[in-house]
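Enquirer: Let me give you the structure first, and then I'll get to my questions.
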Amino acid sequence: MTSTQDAKVQTGEVVLEAVGLTKHFPVRRKLRQFFTREQNAVHAVDDVNLTLRRGQVVALVGESGSGKSTVARLLAQLYPRTDGDIRLHGESTRVKGGGAFRAYAARVQMIFQDPFASLNPVHTIRYHLTRSLKIHHNAGKTDEDLEIALRDLLTRVSLTPPERYLDKFPHELSGGQRQRVAIARALGAQPEALLADEPVSMLDVSIRLGVLNLLRDLKERLNLAILYITHDIASARYFADETLVMYAGRMVEGGDSETVTQSPAHPYTRLLIDSAPDPDRLAGDVNPLDEDRGNGEPPSLIRPPSGCRFHPRCPAAMARCETDLPVRLEIGDKPGHWAACWLYDEATVKEAAK
Ligand SMILES: Nc1ncnc2c1ncn2[C@@H]1O[C@H](COP(=O)(O)OP(=O)(O)OP(=O)(O)O)[C@@H](O)[C@H]1O
Ligand SMILES: [Mg+2]
């Protein structure tokens, strides 16, 4: 990583945008459907908009199956999308060809949940990092340049002294060290954006903070744009500047992390926060999950509920929620805080109260 790369960047500049991003996975037709021409699909991601900026972390939170990894894989262009666009520095990725994907892949790197599965057990750390540097033409001209670049990568992820790690195999390292190698490998591409899909959820609780702090440090030093995917909304508050909440393939709330986690607006976000383990909650207190009318079951994504997808579980659902898809509505006095929920539409609430 060169110092010019460190210096040229400007905080807040938009790096990557998803616009109306949609992914439907086709599912196998049943015999009857061959005759009716009906095509079922898993509506994994629908109309997702998000913006990643330099020097900022955006957290994407939601329960299992809500579509978080699909968003990350779409952004990494590992899947073709059904609809919508991804823009890198404002430029649509719809235009293909001429090595465009390789250039894109260097700028947008993914970090996966399981660092053991993402590193090849038969190769050393040196091999993994050299490969990343060479693929992205960052290895320099001489063996000496390569050696310096390798040491630089390991130093950046605090695996020091680097010579202690370079010739080890993945199984000789701890989970946290392996994830640091996976991060170093991503940095070998000199990316502008990192898509981190639950990067610490498979690590021991005791070392999670260290890896998150490393990512935060890299964000600041290299001015990276980071998408941080997590189940754990509490870590989003700690680590992310902005938090987006996803439910059943759709974004339901967004805003700065402090506001979303401390004054959640959408009933789903409230449920997510209240159902997280809280040592301060007394045994006799009402468990918010008791108010979950759907018994905590996420809906089918093959036939998602009409209107608001959360309405079958929502303790505050009104008639309109069953039929009309909620639009993004601004909340209160915090700029940028929004929820896709009819509770914030005065006319709807008045009508429901009649
Ligand atoms: N390749 C695929 N083919 C068909 N359906 C898929 C595929 N990948 C994901 N899905 C479905 O899309 C939905 C969203 O999955 P996704 O993995 O994005 O959720 P997630 O929020 O990352 O969940 P988790 O927190 O468990 O990782 C799920 O219903 C899943 O079963
Ligand atoms: Mg996932």
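Enquirer: Mind listing just one residue for me: the one in region 77-92 that is within 19 Å of the chain's Cα centre (by Cα) and free of Cβ contacts under 8 Å to residues at least 40 places away in the same chain and, of those, farthest from ligand 1 (Cβ to nearest atom)?
Expert: Top of the filtered list is 77.
Enquirer: Still on this structure: Exactly one of these conditions fails for residue 161: (1) more than 16 Å from ligand 2 (Cβ to nearest atom); (2) closer than 22 Å to residue 117 by Cα; (3) open to solvent by 10 Å² or more (accessible area, probe 1.4 Å). Give me its number.
Expert: Of (1) more than 16 Å from ligand 2 (Cβ to nearest atom); (2) closer than 22 Å to residue 117 by Cα; (3) open to solvent by 10 Å² or more (accessible area, probe 1.4 Å), only one is false for residue 161: (2).
Enquirer: Kindly establish whether residue 166 is surrounded by 21 or more Cβ atoms within 10 Å (Cβ to Cβ) and in contact with a helix residue (DSSP H, G or I) (Cβ under 6 Å, 6 or more places away or on another chain). Please lay out each step first, then the result.
Expert: Values: surrounded by 21 or more Cβ atoms within 10 Å (Cβ to Cβ): no; in contact with a helix residue (DSSP H, G or I) (Cβ under 6 Å, 6 or more places away or on another chain): yes.
In short, no.
Enquirer: Shifting gears a bit: Scan region 232-269 for residues that are of a type in the set (S, T, N, Q) and in contact with a His (Cβ under 6 Å, 6 or more places away or on another chain) and jot them down. Quick ask: steps written out before the conclusion?
Expert: Kept after step one, since they are of a type in the set (S, T, N, Q), are these residues of region 232-269: 235, 243, 257, 259, 261-263, 269.
If the condition is that a residue be of a type in the set (S, T, N, Q) and in contact with a His (Cβ under 6 Å, 6 or more places away or on another chain), then 259 is the only one that fits.
Enquirer: All but one of (1) farther than 30 Å from residue 267 by Cα; (2) within 16 Å of ligand 1 (Cβ to nearest atom); (3) of a type in the set (Ser, Thr, Tyr) hold for residue 104; which doesn't?
Expert: If we test residue 104 against (1) farther than 30 Å from residue 267 by Cα; (2) within 16 Å of ligand 1 (Cβ to nearest atom); (3) of a type in the set (Ser, Thr, Tyr), just (2) comes out false.
Enquirer: If I ask for residues that are modelled with pLDDT of 95 or more and small (Gly, Ala, Ser), which ones from region 190-209 would you list?
Expert: 193, 196
Enquirer: Something else: How about region 36-117: which strands (runs of 3 or more DSSP E) wholly inside it have at least 2 residues that are assigned by TED's automatic domain parsing to the domain that holds residue 20 and open to solvent by 20 Å² or more (accessible area, probe 1.4 Å)?
Expert: Filter on region 36-117 gives 41-53, 83-88, 108-111.
Enquirer: Looking at (1) under 25 Å from residue 104 (Cβ atoms); (2) within 28 Å of the chain's Cα centre (by Cα); (3) touching a residue at least 12 places away in the same chain (Cβ under 8 Å), which one does residue 149 not meet, given that it meets all the others?
Expert: It fails just one condition, (2).
Enquirer: Being under 12 Å from residue 265 (Cβ atoms) and outside any loop (DSSP other than H, G, I, E, B) is the filter here; which residues of region 311-341 pass it?
Expert: 328, 329, 330, 338, 339, 340
Enquirer: Go through the residues of region 117-124 one by one and say whether even a single one is within 30 Å of residue 172 (Cβ to Cβ) and under 13 Å from the mean Cα position of the chain (by Cα). So that I can check it myself, show each step before the final result.
Expert: Looking only at region 117-124, we keep the residues that are within 30 Å of residue 172 (Cβ to Cβ), and these are 117-124.
Pick out the ones that are also under 13 Å from the mean Cα position of the chain (by Cα) and you get none.
Among the residues of region 117-124, not one is within 30 Å of residue 172 (Cβ to Cβ) and under 13 Å from the mean Cα position of the chain (by Cα), which makes the answer no.
Enquirer: Which of the numbered conditions does residue 74 fail, given that it passes all the others? Conditions: (1) within 11 Å of the chain's Cα centre (by Cα); (2) closer than 16 Å to residue 230 by Cβ.
Expert: Here residue 74 clears every test but (2).
The values are calculated or read from the model by the stated rules, or taken from the named source; none is laboratory data. Worth saying up front: this structure is predicted, and the values here are computed from it rather than measured. Please note: Cβ atoms are built from the backbone with ideal geometry, for glycine as well, and neighbour counts cover all protein chains shown. With ligands, DNA and RNA removed, areas are computed over all heavy atoms of the protein, side chains included. Shrake-Rupley method; radii C 1.70, N 1.55, O 1.52, S 1.80 Å.
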